[in-house]
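Notes follow once the structure below has been shown.
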Amino acid sequence: MTKTHDNQSPFRVTLNHFYLTVDAETYAAIESSEFLRREFAPFEQRTTVRTDQTYTGIYFYASNTYFEFFNATQSAEHKLGDSGLAFGVEQIDAVKFLEQRLGIAPARLVTRGYKDKQIPWFYMLSLGPFPENSAIKAWIMEYHAQFLAEWNPSDKKHQGIQRKQILSRYIAVLSNTPAQPIVTDLSGLTLAVDHESAATLRLVCEKFGYQSAVQGEEVVLTSPDFVLRLIPERSSDRGIKRVEFRINRMPAEQREIFFGPNTTLRFENDELAVWTF
């Protein structure tokens with residue numbers, strides 16, 4: 001049965017990015033892949049320095065969404081399968097409305113290091129609570145209105161808090177990016193999570209206005225531009241298990257690429273690629 005929710009947020013809440021913690025072999029294979037860097041999507045490995053934490057990961061940027069990987073053997077905070085799901089809003093003060101609607105603790109400002117100083121990056125509204133051993137962390141983020149003016153400033157035309165504006169700046173400062181990336185955007189995620197985490201995610205997504213349906217053991221949450229599927233966590237399966245991408249073409253050669261023992265990127269047709277973990 002599918003539910004729709006009339007009493008929904010007046011602000012569009014969509015996907016900003018995800019992260020996934022993988023094993024060392026998979027991380028190394030992704031990091032060293034010429035295909036991913038030269039054709040799939042703009043790429044960088046970076047260390048982010050915030051006032052609250054510092055972390056290193058590899059990043060791939062699409063038009064409105066992005067994704068990052070952490071190495072389980074090199075991260076003190078993330079273990080294998082740990083995943084993050086960041087929702088995004090693109091209107092100023094939307095998080096203030098949502099914190100009241102959801103009845104959760106106020107958003108906090110997250111900063112980012114740039115040229116030996118910390119600058120305002122985004123407001124982070126943590127979702128949950130999730131069980132201590134949950135595979136998922138989730139939050140809503142709203143970029144700070146001054147971020148693009150202070151981080152690698154280029155010109156006054158490209159300001160704002162929209163995901164596309166932020167990612168355009170990220171990509172603009174990189175070197176050796178694909179001239180015509182294959183990936184357009186993320187379109188779907190499948191997460192293996194415990195029952196309590198699934199219930200929490202379902203509730204907040206319904207409050208965002210997502211359509212909600214149950215198909216056997218799977219909960220399907222549908223927004224205008226991506227689909228989130230929640231499946232039961234197993235002993236060997238936790239966190240993000242499947243990612244769907246909108247693409248603009250098939251690669252010239254490989255249709256199926258393996259990264260490590262359990263990770264496959266497969267190009268289904270001219271419009272869809274699926275990465276399983």
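Nothing in this text is a laboratory measurement; each read-out follows from the coordinates by a stated rule. Given the structure is predicted, the values throughout are model-derived calculations rather than measurements. Cβ atoms come from the backbone with ideal geometry, glycine included; neighbour counts cover every protein chain shown.
Roughly speaking, what is the stretch gain from residue 215 to residue 235, that is 0.36 nm per residue apart minus the C-alpha to C-alpha distance, in nm to one decimal?
In short, 5.0 nm is gained.
Tell me the relative contact order for the range 170-251 as a rounded percent, counting alpha carbon contacts under 8 Å between residues six or more apart.
After rounding, I find 44 percent.
Could I have the simple spin-label model distance between residue 154 and residue 46, label points 7 Å from Cα toward Cβ, reported in nm to one decimal?
For the pair residue 154/residue 46, the computed spacing is 1.3 nm.
Based solely on C-alpha atoms, express the radius of gyration and the Dmax of the range 16-88 in angstrom.
So, for the range 16-88, Rg and Dmax equal 12.2, 35 Å respectively.
Counting DSSP beta bridges with both partners in the chain, what percentage is antiparallel, nearest 5?
Expressed as a percentage, antiparallel bridges in the chain total about 75.
So for each of 254-262, 91-99, 203-211 I average, over its residues, the number of other beta carbons within 10 Å; can you give me the resulting order with the highest mean first?
Ranking, from highest mean packing down: 203-211, 91-99, 254-262.
For the range 189-253, what is the per residue volume of the convex hull drawn over the alpha-carbon atoms, in cubic angstrom?
About 103 Å³ per residue, rounded to a whole number.
Any chance you could list P(r) for the chain, counting all Cα-Cα pairs in 10 angstrom bins from zero, rounded to whole %?
6, 28, 38, 24, 4, 0
Mind listing the phi-derived Karplus ³J(HN,Hα) values for the range 119-134, rounded to whole Hz, using 6.51, -1.76 and 1.60 with θ = phi - 60°, and x for any glycine or proline?
These are the phi-based 3J(HN,Hα) values: 10, x, 10, 7, 8, 10, 10, 6, 9, x, x, 10, x, 4, 9, 4 Hz.
Say the cut-off is 28 Å between C-alpha atoms; which of 115/207; 117/164; 137/207; 79/207 go over it?
115/207; 79/207
Per DSSP helix of 4 or more residues, -39500 (n - 2.57); summed, then divided by the residues of the chain. What does that give at 222 nm, rounded to the nearest 500?
Result for the chain, helices only: -4500 deg cm²/dmol.
Residue by residue through the range 161-178, which ³J(HN,Hα) values in whole Hz follow from phi under the Karplus form 6.51 cos²θ - 1.76 cosθ + 1.60 (θ = phi - 60°), with glycine and proline marked x?
Going residue by residue, I get 10, 6, 4, 4, 5, 5, 5, 4, 5, 3, 5, 4, 8, 8, 10, 6, 8, x Hz, with x marking Gly and Pro.
What does the C-alpha gyration tensor say about the overall shape of the range 121-277? Classify as rounded when a/c is under 1.5, otherwise prolate if a/b is larger than b/c, or oblate.
It comes out oblate by the Cα gyration axes.
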